[in-house]
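Worksheet: the structure to be examined is printed underneath.
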Amino acid sequence: MKQTELQEILKQKGLKTTNQRVLVFKALESCPGKHFTAEELYDVIKVDYPEIGLATVYRTIQLFLELNLIDKINLDDGFVRYEIVDNNNLKHHHHHFICVECGKVYSFEEDLLEDFEAHVEKAFGFKILNHEVKLYGLCKVCLQKNWI
């Protein structure tokens, strides 16, 4: 998603494109694959814009969640994290590997659950709208450390 798309979505909803909203969006956009906490976003933004407040960042995150511009992610580390939604990919093909040794999170796009979802929908009449996959294990670096 581009900043122009953000502006158009805000305009369609009758909302203003404020500097603070653009700053939060740019911070999220600046690190694809990064899963920011609200505090991390705040820390990134305040380096160049010290006048922004943490409450503003939280309000902007809430607005972006309501507009489906970002996803809320729980990586089981005690923090709520956020990332930009890929509106070009309307299906839910974004998942995570989590290294239990170093805590690093890797994103992957492949969706191997389509056949399973089709079976559930047919067998149980349950329409699946989304899912979340988290795989826990050892990354390449930690795996090498543990085997040396």
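Summary table below
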| read-out | value |
| --- | --- |
| Length added when fully stretched, residue 47-residue 120, from 0.36 nm per residue minus Cα-Cα | 21.5 nm |
| 20 Å reach of a label modelled at residue 128, 7 Å along Cα-to-Cβ, counting backbone N of region 96-112 | 96-98, 107-112 |
| Helix-only mean residue ellipticity at 222 nm for the chain, each DSSP H run of n ≥ 4 adding -39500 (n - 2.57), per residue, nearest 500 | -13000 deg cm²/dmol |
| Charge tally in the Cβ shell below 14 Å around residue 8, where Lys, Arg are +1 and Asp, Glu are -1, residue 8 excluded | +4 |
| At most 10 other Cβ within 10 Å, DSSP loop - GluC sites (Glu not before Pro), region 1-91 | 51 |
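FYI, it's all coordinate maths here, none of it is from the lab. All values derive from a computational prediction rather than experimental measurement. So basically every Cβ, Gly included, is an ideal-geometry build from the backbone, and we count neighbours across all protein chains shown.
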